[in-house]
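The values are calculated or read from the model by the stated rules, or taken from the named source; none is laboratory data. Note that this is a predicted model, so its numbers are computed, not measured. Every residue, glycine among them, receives a Cβ derived from its backbone with ideal geometry; neighbour counts consider all protein chains shown.
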Amino acid sequence: MLSRFFFVFFFCLGLLGMKQDLKAQSAADRVLLDSVFAYLCELKIAHPDIVIRQVVCETGWFSNKNLMTKRNFFGFRYKTYLSFATWKEGVEYYKRWQDKRYLDPKEDYYHFLVRVHYASAGYPALLRKVKLGKEFSCN
(Lines give C-alpha, C1' and ligand atoms only; values in the text may rest on other atoms or scores of the structure.)
Protein backbone atom coordinates (compact mmCIF):
# COMPACT_ATOMS: atom_id res chain seq x y z
CA MET A 1 0.00 0.00 0.00
CA LEU A 2 2.78 2.41 0.85
CA SER A 3 4.49 1.89 -2.50
CA ARG A 4 1.19 2.58 -4.30
CA PHE A 5 0.86 5.81 -2.32
CA PHE A 6 4.33 7.01 -3.27
CA PHE A 7 3.76 6.14 -6.92
CA VAL A 8 0.41 7.95 -7.04
CA PHE A 9 1.72 10.85 -4.92
CA PHE A 10 4.71 11.58 -7.13
CA PHE A 11 2.80 10.80 -10.32
CA CYS A 12 0.03 13.22 -9.39
CA LEU A 13 2.44 15.79 -8.03
CA GLY A 14 4.31 15.77 -11.32
CA LEU A 15 1.08 16.11 -13.25
CA LEU A 16 -0.06 19.01 -11.16
CA GLY A 17 3.09 20.84 -12.08
CA MET A 18 2.89 19.97 -15.77
CA LYS A 19 -0.80 19.92 -16.67
CA GLN A 20 -2.99 22.19 -14.62
CA ASP A 21 -6.16 22.11 -16.68
CA LEU A 22 -7.94 20.66 -19.63
CA LYS A 23 -6.49 23.24 -21.99
CA ALA A 24 -3.24 21.28 -21.81
CA GLN A 25 -5.04 18.14 -22.97
CA SER A 26 -5.95 16.87 -26.40
CA ALA A 27 -9.48 17.15 -27.72
CA ALA A 28 -9.79 13.36 -27.41
CA ASP A 29 -8.84 13.55 -23.71
CA ARG A 30 -11.46 16.24 -23.10
CA VAL A 31 -14.12 14.14 -24.84
CA LEU A 32 -13.13 11.07 -22.81
CA LEU A 33 -13.17 13.04 -19.55
CA ASP A 34 -16.63 14.40 -20.36
CA SER A 35 -17.83 10.90 -21.27
CA VAL A 36 -16.47 9.40 -18.06
CA PHE A 37 -18.10 12.14 -15.99
CA ALA A 38 -21.44 11.64 -17.75
CA TYR A 39 -21.20 7.92 -16.99
CA LEU A 40 -20.40 8.62 -13.32
CA CYS A 41 -23.61 10.64 -13.22
CA GLU A 42 -25.61 8.00 -15.09
CA LEU A 43 -24.54 5.37 -12.55
CA LYS A 44 -25.28 7.78 -9.70
CA ILE A 45 -21.79 7.43 -8.29
CA ALA A 46 -21.50 9.46 -5.09
CA HIS A 47 -19.30 12.56 -5.24
CA PRO A 48 -18.62 12.45 -8.98
CA ASP A 49 -16.77 15.78 -8.71
CA ILE A 50 -14.16 14.05 -6.54
CA VAL A 51 -14.23 10.75 -8.42
CA ILE A 52 -13.45 12.46 -11.74
CA ARG A 53 -10.37 13.95 -10.07
CA GLN A 54 -9.38 10.41 -9.06
CA VAL A 55 -9.57 9.44 -12.73
CA VAL A 56 -7.31 12.34 -13.69
CA CYS A 57 -4.85 11.64 -10.90
CA GLU A 58 -4.71 7.86 -11.31
CA THR A 59 -4.36 7.90 -15.09
CA GLY A 60 -2.22 11.01 -15.32
CA TRP A 61 -4.67 12.77 -17.63
CA PHE A 62 -5.05 9.47 -19.51
CA SER A 63 -1.30 9.18 -20.11
CA ASN A 64 -0.57 6.10 -17.94
CA LYS A 65 -0.26 3.46 -20.66
CA ASN A 66 -0.58 0.56 -18.21
CA LEU A 67 -3.89 1.72 -16.73
CA MET A 68 -5.24 2.95 -20.06
CA THR A 69 -4.52 -0.39 -21.76
CA LYS A 70 -6.32 -2.15 -18.91
CA ARG A 71 -9.13 0.44 -18.96
CA ASN A 72 -8.58 0.72 -15.20
CA PHE A 73 -9.05 4.43 -14.49
CA PHE A 74 -8.90 3.97 -10.71
CA GLY A 75 -5.77 1.91 -10.29
CA PHE A 76 -7.58 -1.05 -8.74
CA ARG A 77 -5.26 -3.90 -7.93
CA TYR A 78 -5.35 -7.42 -6.61
CA LYS A 79 -1.70 -8.48 -6.75
CA THR A 80 -1.60 -6.88 -10.22
CA TYR A 81 -3.69 -4.16 -11.81
CA LEU A 82 -7.18 -5.31 -12.74
CA SER A 83 -8.08 -5.26 -16.39
CA PHE A 84 -11.49 -4.45 -17.82
CA ALA A 85 -12.99 -5.08 -21.26
CA THR A 86 -14.13 -1.45 -21.55
CA TRP A 87 -13.60 1.70 -19.54
CA LYS A 88 -17.31 1.62 -18.67
CA GLU A 89 -16.82 -1.81 -17.09
CA GLY A 90 -14.03 -0.28 -14.98
CA VAL A 91 -16.32 2.56 -13.88
CA GLU A 92 -19.06 0.03 -13.05
CA TYR A 93 -16.53 -1.84 -10.89
CA TYR A 94 -15.85 1.45 -9.05
CA LYS A 95 -19.61 1.87 -8.50
CA ARG A 96 -19.89 -1.61 -6.96
CA TRP A 97 -16.77 -0.95 -4.87
CA GLN A 98 -18.19 2.37 -3.68
CA ASP A 99 -21.66 0.96 -2.94
CA LYS A 100 -20.17 -1.79 -0.82
CA ARG A 101 -18.01 0.56 1.28
CA TYR A 102 -19.45 4.08 1.29
CA LEU A 103 -22.41 3.54 3.56
CA ASP A 104 -22.74 6.92 5.27
CA PRO A 105 -23.54 9.68 2.77
CA LYS A 106 -22.70 12.26 5.45
CA GLU A 107 -19.09 11.03 5.68
CA ASP A 108 -16.53 13.30 4.06
CA TYR A 109 -15.58 11.49 0.85
CA TYR A 110 -11.92 12.40 1.10
CA HIS A 111 -11.86 10.93 4.61
CA PHE A 112 -13.65 7.85 3.32
CA LEU A 113 -10.96 7.21 0.69
CA VAL A 114 -8.32 7.26 3.40
CA ARG A 115 -10.41 5.26 5.89
CA VAL A 116 -10.94 2.35 3.48
CA HIS A 117 -7.26 2.41 2.49
CA TYR A 118 -7.92 3.39 -1.10
CA ALA A 119 -5.62 6.31 -0.40
CA SER A 120 -3.13 7.58 2.13
CA ALA A 121 -3.45 10.79 4.10
CA GLY A 122 -1.82 12.97 1.42
CA TYR A 123 -4.06 11.85 -1.45
CA PRO A 124 -7.03 14.13 -0.69
CA ALA A 125 -4.79 17.20 -0.88
CA LEU A 126 -3.58 16.06 -4.31
CA LEU A 127 -7.14 15.57 -5.53
CA ARG A 128 -8.12 19.04 -4.32
CA LYS A 129 -5.30 20.54 -6.41
CA VAL A 130 -6.44 18.93 -9.67
CA LYS A 131 -7.78 21.68 -11.90
CA LEU A 132 -10.18 20.38 -14.50
CA GLY A 133 -10.56 23.59 -16.47
CA LYS A 134 -14.33 23.64 -16.00
CA GLU A 135 -16.94 22.76 -13.43
CA PHE A 136 -18.50 19.31 -13.66
CA SER A 137 -22.06 18.84 -12.47
CA CYS A 138 -24.58 16.05 -12.89
CA ASN A 139 -27.46 18.51 -13.08
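Taking the range 100-119, which residues are acidic (D, E) and either modelled with pLDDT under 95 or within 16 Å of Q54 (Cβ to Cβ) (or both)?
Answer for the range 100-119, where residues must be acidic (D, E) and either modelled with pLDDT under 95 or within 16 Å of Q54 (Cβ to Cβ) (or both): just D108.
Would you mind listing the helices (runs of 4 or more DSSP H) fully within the range 1-94 where at least 3 residues are at pLDDT 90 or above?
Answer list for the range 1-94: 27-42, 48-59, 65-69.
Residues of the range 101-119 being part of a helix (DSSP H, G or I) and of a type outside the set (K, R), which ones?
The answer is Y109, Y110, H111, F112, L113, V114.
Please identify the pairs in which a residue from the range 23-44 that is β-branched (V, I, T) has its Cβ atom under 8 Å from the Cβ atom of a residue that is part of a helix (DSSP H, G or I), counting only partners at least 6 apart or on another chain.
From residues that are β-branched (V, I, T), the pairs are V36/I52; V36/V55; V36/W87; V36/V91.
State all residues of the range 27-42 that are within 26 Å of L103 (Cβ to Cβ) and either in contact with a Leu (Cβ under 6 Å, 6 or more places away or on another chain) or buried (at least 16 other Cβ atoms within 10 Å of the Cβ) (or both); if no residue qualifies, say none. Break it down stepwise before answering.
The first filter runs over the range 27-42 and keeps only residues within 26 Å of L103 (Cβ to Cβ), leaving 36-42.
Matches in the range 27-42: V36, F37, Y39, L40.
Restricting attention to the range 43-78, and to residues there that are of a type in the set (S, T, Y) and within 17 Å of E89 (Cβ to Cβ), which single residue is surrounded by the most Cβ atoms within 10 Å (Cβ to Cβ)?
Result: T59.
Name the one entry in Y118, Y78 that is over 15 Å from V36 (Cβ atoms), over 12 Å from the mean Cα position of the chain (by Cα) and among the hydroxyl-bearing types (S, T, Y).
Y78
Could you list, in sequence order, all residues of the range 120-139 that are under 11 Å from I50 (Cα atoms), outside any helix (DSSP H, G or I) and touching a Phe, Trp or Tyr at 6+ places or on another chain (Cβ under 7 Å)?
The one that is under 11 Å from I50 (Cα atoms), outside any helix (DSSP H, G or I) and touching a Phe, Trp or Tyr at 6+ places or on another chain (Cβ under 7 Å): F136.
Just one of (1) loosely packed, with under 12 Cβ neighbours inside 10 Å; (2) in contact with a Cys (Cβ under 7 Å, 6 or more places away or on another chain) trips up H117, so point out which.
(2)
Within the set of pairs 6 or more residues apart or between chains, which connect a residue that is farther than 16 Å from I45 by Cα and in contact (Cβ under 8 Å) with a residue 12 or more places away in the chain inside the range 64-92 to a residue that is charged (D, E, K, R) and part of a loop (DSSP other than H, G, I, E, B) with Cβ atoms less than 9 Å apart?
Close Cβ pairs (under 9 Å, with a partner that is charged (D, E, K, R) and part of a loop (DSSP other than H, G, I, E, B)) amount to Y81/K70; L82/K70; S83/K70; S83/R71; F84/K70; F84/R71; A85/R71; T86/R71.
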